[in-house]
Amino acid sequence: MQGLILAGGLATRLRPLTLVTNKHLLPVYNKPMIYYPMEAMKNAGVKEVLLTTGGESTAQFANLLKSGEEFGLHLYYAVQQNPKGGIPDAILLAEELTKNESLMVILGDNIFNFNLKKVIEEFEKTKNGAVIFGYRVKENQNQYGIVEIDGEGGVISIEEKPQRPKSDIAQTGIYIYDHNVFDYIKQLAPSQRGELEVTDLNNIYLQKKNLRCRVIDWWIDAGTSYDELLRANIQAEKMVKEGKL
């Protein structure tokens, strides 16, 4: 399985912090934010990882991460020309690297301590369909993509920021896709926001009854606001000191 870390975007909600640096290079407790998905890839057993970012940030990431050897990874870089193209647009950049293999995708501002290795091993037995990862949120559920699942983890529905959520499971930025993902992305049309939506991509797998969801215990999207970045620092400090991260 190949790995893809998405570290692009404009991060306007974190300005002025991001006026001179990419948000994924901001510190979260004792290391840069981008270290967390890099370590997640390493712990999952993924060996080859493509990191996508904006052209102005590539040198900063290369200076920090170099070839990925520190993490036991072979790290490659790609530039997302359109920072407003959306997550599927960035996933397309991994097509040449992935070829006919499966793909693990992690958004660069996702911080979690769930070990993905067993899920990957199960997926690789068939290399079929897609797996998304969810997290139970207690409030503001209409700010997330909400996943409704059955008792066996099969996805019943996914709705983007619904007014009446059908569950409390928020879609995180962690995905596993089979080799069909690139063909499905090419079928997508831009949303009203003018970009390709990952929820639309996942709904294609859902329509084919080939989408599963794993609910994880702990997760923070550190790049969405000042408050979430602060919470990520506080929670990461606690988790590190407890040996859980």
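We did not get these values from a lab; they are worked out from the coordinates using the rules stated. This is a predicted model, so every value here is computed, not measured. Methodologically, a virtual Cβ is constructed for each residue, glycine included, from the backbone with ideal geometry; neighbour enumeration extends over all protein chains shown.
Side notes on the structure shown:
- Residue match in the stretch 124-145 (condition: of a type in the set (A, V, I, L, M, F, W, C) and over 22 Å from Asp200 (Cα atoms)): no
- As a summary of the residue check, Val240 satisfies the conditions (1) within 30 Å of Lys125 (Cβ to Cβ); (2) over 19 Å from the mean Cα position of the chain (by Cα); (3) surrounded by 13 or more Cβ atoms within 10 Å (Cβ to Cβ) except for the one numbered (1).
- Unique residue being without any contact (Cβ under 8 Å) to a residue 24 or more places away in the chain and either of a type in the set (Lys, Arg) or surrounded by 17 or more Cβ atoms within 10 Å (Cβ to Cβ) (or both) when the list is Lys47, Lys31: Lys31
- Single unsatisfied condition, Lys161 versus (1) over 24 Å from Lys23 (Cβ atoms); (2) without any contact (Cβ under 8 Å) to a residue 40 or more places away in the chain: (1)
- Filtering the stretch 77-92 to residues that are out of contact with any Leu (no Cβ under 6 Å at 6 or more places or on another chain), of a type outside the set (A, V, I, L, M, F, W, C) and under 14 Å from Ile5 (Cβ atoms) leaves only Gln80.
Yes or no, residue by residue, for (1) aliphatic (A, V, I, L, M); (2) under 25 Å from Thr199 (Cβ atoms); (3) out of contact with any helix residue (DSSP H, G or I) (no Cβ under 9 Å at 6 or more places or on another chain):
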position: Leu19; (1), (2), (3): yes, no, yes
position: Lys23; (1), (2), (3): no, yes, no
position: Val28; (1), (2), (3): yes, no, no
position: Met41; (1), (2), (3): yes, yes, no
position: Thr52; (1), (2), (3): no, yes, no
position: Glu56; (1), (2), (3): no, no, yes
position: Leu65; (1), (2), (3): yes, no, no
position: Gln81; (1), (2), (3): no, yes, no
position: Asp89; (1), (2), (3): no, yes, no
